Amino acid sequence: MRNIQRPRRDFAALEARRTAAARLFAQGHRQAEVARRLDVSRQTASRWDQVWRQQGRTGLKGAGRAGRKPRLEFSALERVEAALLRGAEAWGFRTHLWTLERVAHVIWKTCHVQYSLPQTWRILGQLGWSRQRPARRAKERNDRAITRWKKVHWPRIKKKPSG
């Protein structure tokens with residue numbers, strides 16, 4: 001199974017940068033110098049300096065995770081992908097094609113989490129799945145008859161170049 005990755009910010013690195021800023025402020029460096037050394041905007045350095053002066057280093061600690069906790073954890077995403085890899089027909093659908101409605105249904109059946117179609121598309125993106133359309137061919141297609149028509153009838157019908 002593929003490695004399912006969610007885009008994540010490196011909170012530890014961000015906190016280390018704020019801690020470095022606190023150390024530089026404590027050494028007497030100005031905001032502009034801190035901004036230049038840590039490659040941040042002057043506004044950010046100013047905000048850090050203000051927090052550092054009011055609360056000390058503890059004020060620059062990280063707040064933990066950002067945003068809402070995902071409804072599907074990593075293990076649930078793995079279960080969803082395993083279910084999708086079994087194929088649509090294994091889930092009782094008449095064709096082998098996956099639609100967003102079908103994927104949302106499988107997510108509900110495997111994890112008891114209901115997603116809208118745009119959210120379902122986002123989940124598929126996290127799994128590394130992309131939109132693909134099947135080659136559409138009529139069931140009645142007769143390749144031998146098509147080849148014969150191209151060799152016999154088409155040259156007779158085709159316009160001849162003037163010259």
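No lab work stands behind these numbers, since they all come straight from the coordinates. Given the structure is predicted, the values throughout are model-derived calculations rather than measurements. In this analysis, Cβ positions are derived from the backbone assuming ideal geometry, glycine residues included, and neighbour counts consider all displayed protein chains.
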Can you list, bin by bin at 5 Å, the percent of alpha carbon pairs in segment 11-60, starting at 0? 5, 26, 37, 26, 6, 0
Just to be sure I understand: with springs between alpha-carbon atoms less than 10 Å apart, which residue in Ala21, Ala145, Ala76 has the highest mean-square fluctuation in the Gaussian network model of the chain? Ala145
Please give the direction-averaged projected area of the C-alpha convex hull for the chain, in square nanometres with one decimal. 20.9 nm²
Suppose a student asked you for the relative contact order of segment 1-150, using Cα pairs under 8 Å spaced at least 6 residues apart; what percent would you report? 20 percent
Of all the C-alpha pairs in segment 74-126, what % are more than 15 Å from each other? 38 percent
Note, Gly92: beta-carbon cut-off 12 Å, +1 each Lys/Arg, -1 each Asp/Glu, net +3
Kirkwood Rh and Cα-based Rg: tell me the resulting Rg over Rh for segment 112-163, rounded to two decimals. 1.43
Quickly estimate the mean residue ellipticity at 222 nm for the chain, helices only: each DSSP H run with n ≥ 4 gives -39500 (n - 2.57), and the total goes over all residues, rounded to 500. -16500 deg cm²/dmol
